[in-house]
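The structure appears below as structure tokens.
Every read-out reported here was derived from the displayed coordinates using simple, explicitly stated rules and does not represent laboratory data. The structure displayed is predicted, hence computed values, not measured ones. Counting neighbours? That spans all protein chains shown, and the Cβs are built from the backbone with ideal geometry, glycine included.
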Amino acid sequence: MPPLPLMPPGRPTTQPDTPYELTASAAPARQIATDLDGANAEAGPATVGVMAYRACSPLHIDIGGSSMTTAEQAVITGRTIVAVSERLVLTRPQEDDAEAMFAIHGDPETNRYNPYGPQRDIAQAREQLAGFVADWPRDGVGYCAVSTREEPEVIIGVAGLFLHSLDGEPVFNLYYRFRPSAWGKGYAAEACRAAMAEALPRFPGIPVTALIREDNLPSRRLAGRLGLVADPDGRVDHEDRLIHRMA
Ligand SMILES: CC(C)(COP(=O)(O)OP(=O)(O)OC[C@H]1O[C@@H](n2cnc3c(N)ncnc32)[C@H](O)[C@@H]1OP(=O)(O)O)[C@@H](O)C(=O)NCCC(=O)NCCS
């Protein structure tokens, strides 16, 4: 059996030479985009605003067209919100999400089409999660923990964009994996749309791609709903996954 990949192929395994500076900030939500402008892999050191929303804040968070009430904010105090949609809230992954991440990535059902199968133990989940966490300060973009606004303390899935290189071209990898209990509700599509609406204007010209096994029909249906199409020449990556691309 081949070794289990802890990171999606293409994910950098080394940290950048120059450390990025993280500064705490209580800037309004919309400030996120401004703070992160230009903070991508090539941009070099960047100062990234990190927000911890406070329960006592009288402000409503308004990102991606939806606003959160103060009561909703109270439950997710301490997490960095990336986007809010009609039913969902997307936050940056954090180290203490390992159990929730393992519940998703260690489930055989969510890995039916993953040639390497589910994660074996929480150590693997922690290692993968460390990569997810590190992407944000380095690239200013990454995968998100997804919760419903009704139960923001429960992570139901992961969705978002990873900046990497595909055949030498800088591209976003669109990723989504949700607990089976969250399937069939349109959550994955809603989360991906919210993640793309938040990130793509900050990275003009970077195409969105997705690597999907030909027989993973639920994933391919979702990619299609989001506007991605399979490569017309049937191009695949080194894992034999069809390269889908935003039309
Ligand atoms: C891929 C995956 C995220 C798709 O989940 P999903 O819930 O089917 O996707 P969507 O969010 O687009 O939801 C669409 C479904 O919700 C239904 N739905 C119910 N309420 C809805 C609503 N309010 N809005 C939109 N769709 C709704 C749709 O009818 C559709 O069901 P159908 O496909 O049976 O017709 C999920 O199967 C998964 O996590 N799989 C395992 C991981 C994986 O394979 N990831 C991809 C690796 S390449």
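Details
- Counting Lys and Arg as +1 and Asp and Glu as -1 over every other residue whose Cβ lies under 12 Å from the Cβ of R87, the net charge comes to -2.
- Largest to smallest principal axis extent of the C-alpha atoms in the stretch 100-156, angstrom: 31, 29, 20
- Stretching the chain fully between D96 and D215 yields a gain of 39.5 nm (0.36 nm per residue, less the alpha carbon separation).
- Model label zone, S67; criterion: amide N under 11 Å from point 7 Å along Cα-to-beta-carbon; scope the stretch 163-204: none
- Rounded D (µm²/s) - the stretch 144-247, Kirkwood Rh over Cα pairs, Stokes-Einstein at 20 °C, 1.002 mPa s: 151
- Over the stretch 69-140, the Kirkwood radius and the radius of gyration, each from Cα atoms, give a ratio Rg/Rh of 1.03.
- Distance in nm between pseudo-label sites at R87 and D231 (7 Å out along the Cβ direction from Cα): 3.4
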